[in-house]
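All remarks here apply to the structure that follows.
No lab work stands behind these numbers, since they all come straight from the coordinates. Quantities reported herein were computed from a predicted structural model and do not represent experimental measurements. Here the Cβ positions follow ideal geometry from the backbone for every residue, glycine too, while neighbour counts run over all protein chains shown.
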Amino acid sequence: MSYSPIMEEQTPFLRHSSEDSSSSSSSSSQPSRSSLGKDGIRLSDITAKHNEDNPLQVITQIAQSFSYSDLDEEYQGPLSPTLKIPQSSSYSDLDEENQGPLSQILDKSKRSITTIMRSTGRGLLIVLVTSIPSFLRPSEPKKLYATSYLDGLRGFAAFFVYIFHFIPLWYPDVLRGFGSTPTDYYIIQLPIIRVFYAGPSMVSTFFVISGYVLSYRSLQQIRNADFLAVLGTLSSSMLRRGLRLFLPTIPVTFVSMLLVRAELYGPNIVRYPERTHTFWEQFHHWYRSILAMTNPFQSIDGFAVHFPAYNGHLWTIPLEFRGSAIIFLTVLAFAKLRSIVRIPLMVFIVYYSLWLARRWDLFLFLSGILLADLNILRSNLCITWKEIDIFSQARNGVSAKPIMKIIGRHKNKFLHFISISLAIIALYLLSTPVIKPAQAIGFATIVASTPVSYSLDSVAVLRFWGSIGAVLLVIALSLSPAPNPRLYPDGTIRFPLLQRPFVTPLGQYLGNISFSLYIVHFLVFCLFGLKRLTEAGEMEKSKYTMYFCYAFIANTALAIWVADLVWRLVDVQSVRFSRWLEKKCIVRD
């Protein structure tokens, strides 16, 4: 049998098989097993039949005619005639260089599929573990500080804002006060009880807390005359503040844009943008809204705020950023002033911002600075009645006056009376109705006492009295006296009476997720709550109430779960990123 040069070059094993077959035929009239393929087919018959065909077809036919179990050890494998394959071996055990192209492809495909399956399994496991809320994970108790109660207060305030955005859509009457109309006589409309859904007043509470917390460390450094540290603290805080506030809102609003685009939101009875014709139009609309919200030089008026197109309740973020800048600038300007000058000057600025300048938001931020400064001063001057007596004897040689001893002994009782009274007044003012406050029972006199600059409409009235209530609430909490240490000989730290609800695990957890809950709760409500509201429709009263309870519980659980995810995956990472970026950019000391 003759082969073309191309055949010999491409299929050397054919030549090898042919030579062996010829030598074997000369010695015996019976064909050897090596010259036979599967089912007794001769190689010469195959090659003769395909002599003029494509050599690759000949190779394929010969490979199919062989059974590996029928080959002699010397001719195992048509593509590798000199390779010896043990009887127990499988073709997948061969090295890649001794396998055929098809087998190599199959082997690589199997390994690729295995890798994909393993990666998918790991990814699903990561998603499953990540989706577990933080309160279900084992963790060490959070370390508490002197200002930890403010974290808890911020957490409850954020939750009350969520309630404010949920309940009134089901029961619009709650926005009016008790007795505003002949039908408004529900218990939930009573003063103080209304605090649980007093959203606008809770925003005022946010701003007071920001002023207090953002200035607290710098004011302590000022008290210690560490002015170089003050400069470093203020510089770091201002540099990171914009990222801290705006960065988490970008992915949340982007998801809102995708949900609007996918038409997954409920009926548009609240403010969210309509679906555009194309995705890029929707994306461009979202992009412009982000630019407008994050513009640090925008004109801000507390009574004419800009509502972002996606998640309109984020109107507070630009005010928070502007207020933060005012806080840092004020602390820097007053850093080297003596206390006897700084505190009266701060009192005047606080008064001016509210009554004369009509800047209720700046009043809140500046009040936070003043309260922090006064609280630090009070803690430095706080002494017991025994210390007063010892000081009096050392100076005058006589014991302190009886009146001083009485004040010292009953100081805590006096502070309890003052702090609780202020807290009640604060809660009353915080519960000012949103609609028709002048007609509500118990608020007519208060509304009549509103300054002229704030009496133009009910929103301005609410901002004025809600701001005063927020400041009084923080004062009440800070004045609440700590328990007598002698009552707890084990040395356990006991927080003051009014601060205890906010340092509980629930309060601290809500404080952790407060910012995330604030920025995502509207998204969750549009995605889930609005649909439940539509389903309620024209249900009879009893069924409507039951369906409201179901929707509120389900929507709340979903909102807290999403807020927990955003807190861990977005909020915390934004803080870490801002610190990392700061370290990369600042000059080393």
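Fewest Cβ neighbours within 10 Å first, please rank Glu140, Glu535, Glu320 accordingly. Before the final figure, lay out the partial values.
Details: Glu140 5, Glu535 11, Glu320 21.
By the 10 Å Cβ count, ascending: Glu140, Glu535, Glu320.
Shown is the FRET efficiency for Tyr352 and Gln298, computed with R0 = 35 Å from the Cβ-Cβ distance and rounded to the nearest 0.05: 0.90. Full extension of the chain between Arg338 and Arg568 gives 78.6 nm of extra length, using 0.36 nm per residue less the Cα-Cα distance. Measuring between their Cα centroids, segment 107-148 and segment 256-324 lie 32 Å from each other.
Provide the FRET efficiency to the nearest 0.05 for the Glu281-Asn380 pair, computing r from the beta carbons and using R0 = 56 Å.
Efficiency at R0 = 56 Å is approximately 0.40.
Put simply, the amide H of Ser180, placed in the peptide plane, has neighbours under 5 Å in Ile441, leaving out anything fewer than 5 places away on its chain. Modelled label positions at Ser119 and Asp173, each set 7 Å beyond Cα in the direction of Cβ, lie 6.0 nm from each other. Computed from backbone phi, the HN-Hα couplings of segment 330-343 come to 5, 4, 5, 5, 9, 4, 9, 7, 6, 4, 5, 9, 5, 5 Hz, rounded to whole numbers (Karplus: 6.51 cos²θ - 1.76 cosθ + 1.60, θ = phi - 60°; Gly and Pro given as x). The simple spin-label model puts a point 7 Å past each Cα toward its Cβ; for Thr504 and Glu582 those points are separated by 3.3 nm. Take the Cα of Ser139, step 7 Å toward its Cβ, do the same at Met546, and the gap between the two points is 3.8 nm.
If you stretched the chain out fully between Leu243 and Ile126, how much longer would it get, using 0.36 nm times the residue separation minus the C-alpha to C-alpha distance? Write out the running numbers ahead of the final one.
Values: separation 117, 0.36 × 117 = 42.12 nm, distance 2.73 nm.
Full extension of this stretch gives 39.4 nm more.
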